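The values are calculated or read from the model by the stated rules, or taken from the named source; none is laboratory data. Computed from a predicted structure; not experimentally measured. Here Cβ is always computed from backbone atoms with ideal geometry, including for glycine, and neighbour counts include all displayed protein chains.
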Amino acid sequence: MNAVPLKDVEYEKPQDGQSCTAHAWARTPAPVAPHEKVELKERIKRLLKEKEAVLVAHYYVDADLQDLAEETGGCVSDSLEMARFGRDHPAKTLVVAGVRFMGETAKILSPEKTILMPDLDATCSLDLGCPADEFAAFCDQHPDRTVVVYANTSAAVKARADWMVTSSIGLDIVEHLHAQGKKILWAPDKHLGSYIQKKTGADMLLWQGSCIVHDEFKGIELDLLKAEYPDAKVLVHPESPAAVVAQADVVGSTTQIINAAQTMDAKRFIVATDNGILHKMKIAAPGKEFIEAPTAGNSATCKSCAHCPWMAMNGLRNLAEVLESGRNEVFVDPAIGKQAVRAIDRMLDFAAAKKAKALPTAGLEQEAKLFQGIGPA
Ligand code: SF4
């Protein structure tokens, strides 16, 4: 394996005297009383209609926002489907309940639409840990490599990439590039990159970022929990450390994990991903039991305790406020957006071709021609 420990990313960087996660937790909306919840939901439904807006929510945000997205004709999904849904939906305004890179991706794909977010400070440790200037310097050092970046990056980092991938399609895309003999520069998630490298055997140079939520899952404690529940199947998101992935019955994106819970012949599951997903899993697989994978233990720091502090910044109150005021609009420099859209479109085209079962036949050959000569920008 050709992994180079390029950069150790420290997430508890002071920000205005506070650590990143402390800043995020401090901004998490206060709980909403039941009567206020009803009022807020009605207000949001009315505003979505008035503003010709649609709500696009991630599986990790508050359950009320997920329900609201579905009830109002929006979408609750993983970042691949959020991007696709937002691009294809006719609404003039997309309200993205998730984190900053998701809002930016929506804007890049739909520059003519207004993109709003409940809190523009909702970010991601992977995005924070991969500054565009440092990443560009890294790419400059390796001009022979095809640059593949995870969705959890800034618009400027995507602009530097040849491909953007999400966890649901990263493995397929790297496999495809590897089959073409490409050497890959991967950023920013080291665990996902390492997992894909092992599965594909591709030559991958890995940026050393990680997700503060998945990084907290502990292999030793998971082993002990499995002994307690020997009948449970283990579902793991590949942003988790290798010792956790090694114990999985299924490794997959959020959507793939939900599908596994639905289709697997088991009554009990241990789940290693953000616990926001449990809301959807319980709906998708009623009668089954879900246990959160352990984040505690001797080496625990628990910056997240299995819930993303930035996803938690999305709430009913700030959603209603941005819809009413039009504040918190996401802007992306058009020149950067124009560069970044190439990497995102390649992934969406690849996903569409895969879905249509056009691969690996004529579609692949066409694609190979299309990307001939395209190296790191
Ligand atoms: S859960 Fe992890 S990868 Fe997802 S937004 Fe939060 S920090 Fe980023």
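Any residue in the stretch 275-286 that is within 16 Å of the ligand (Cβ to nearest atom), closer than 19 Å to residue 189 by Cα and either assigned to a loop (DSSP other than H, G, I, E, B) or not polar (S, T, N, Q) (or both)?
no
Given the options 121, 144, name the one that is outside any helix (DSSP H, G or I) and within 16 Å of the ligand (Cβ to nearest atom). Break it down into steps so the answer makes sense when it comes.
Working: 144 fails: within 16 Å of the ligand (Cβ to nearest atom).
Selected residue: 121, the only one of 121, 144 that is outside any helix (DSSP H, G or I) and within 16 Å of the ligand (Cβ to nearest atom).
Collect the residues in the stretch 147-174 that are assigned to a loop (DSSP other than H, G, I, E, B) and not polar (S, T, N, Q), keeping them in residue-number order. Full working, then the answer.
Step one: list which residues in the stretch 147-174 are assigned to a loop (DSSP other than H, G, I, E, B), which gives 151-154, 160-162, 166-169.
Matches in the stretch 147-174: 151, 160, 161, 162, 169.
Filter the stretch 203-258 for residues that are charged (D, E, K, R) and farther than 25 Å from residue 146 by Cα and give the result. Please lay out each step first, then the result.
Initially, the stretch 203-258 is screened for residues charged (D, E, K, R), giving 203, 215-216, 218, 221, 223, 226, 228, 231, 233, 239, 249.
The answer is 215, 216, 218, 221, 223, 226, 228, 231, 233, 249.
Enumerate the pairs (first residue in the stretch 167-183 and within 9 Å of residue 196 (Cα to Cα); second residue anywhere and at pLDDT 95 or above) with beta-carbon separation below 6 Å, excluding pairs fewer than 6 apart on the same chain, so at least 6 apart or on different chains.
Qualifying pairs under 6 Å: 170/196; 171/196; 171/199; 174/196; 174/200; 174/202; 175/200.
Starting from the stretch 123-143, keep only residues that are farther than 27 Å from residue 28 by Cα, then list their pairs with residues that are among the charged types (D, E, K, R) whose Cβ atoms are within a distance under 6 Å, requiring at least 6 positions of separation or different chains.
Filtered contacts from the stretch 123-143: 136/160; 139/160.
From 299, 304, grab the single residue that is at pLDDT below 95 and either assigned to a helix (DSSP H, G or I) or surrounded by 15 or more Cβ atoms within 10 Å (Cβ to Cβ) (or both).
Working: 299 fails: either assigned to a helix (DSSP H, G or I) or surrounded by 15 or more Cβ atoms within 10 Å (Cβ to Cβ) (or both).
Selected residue: 304, the only one of 299, 304 that is at pLDDT below 95 and either assigned to a helix (DSSP H, G or I) or surrounded by 15 or more Cβ atoms within 10 Å (Cβ to Cβ) (or both).
Which residues, taken from the stretch 88-118, are within 16 Å of the ligand (Cβ to nearest atom) and among the β-branched types (Val, Ile, Thr)?
Correct list: 96, 99, 105.
Considering only residues that are part of a strand (DSSP E or B) and under 17 Å from residue 155 (Cβ atoms), which ones fall in the stretch 83-118?
Listed by number, the residues that qualify are 94, 96, 114, 115, 116.
Can you give me the ranges of the helices (runs of 4 or more DSSP H) entirely in the stretch 19-82 with at least 1 residues that are in the same structural domain as residue 99 (by TED's automatic domain parsing)?
Here the list reads 34-50, 63-71.
Looking at the structure I just gave you, is residue 266 over 16 Å from residue 212 (Cα atoms) and more than 15 Å from the ligand (Cβ to nearest atom)? I'd like the intermediate steps shown before the answer.
Values: over 16 Å from residue 212 (Cα atoms): yes; more than 15 Å from the ligand (Cβ to nearest atom): yes.
For residue 266, the condition - over 16 Å from residue 212 (Cα atoms) and more than 15 Å from the ligand (Cβ to nearest atom) - is met.
So which pairs qualify, if the first residue must be in the stretch 218-244 and within 27 Å of residue 170 (Cα to Cα) and within 16 Å of the ligand (Cβ to nearest atom), the second must be of a type in the set (Phe, Trp, Tyr) and modelled with pLDDT under 95, the Cβ gap must be under 6 Å, and the two must be at least 6 apart or on different chains?
The qualifying pairs are 240/217; 244/217.
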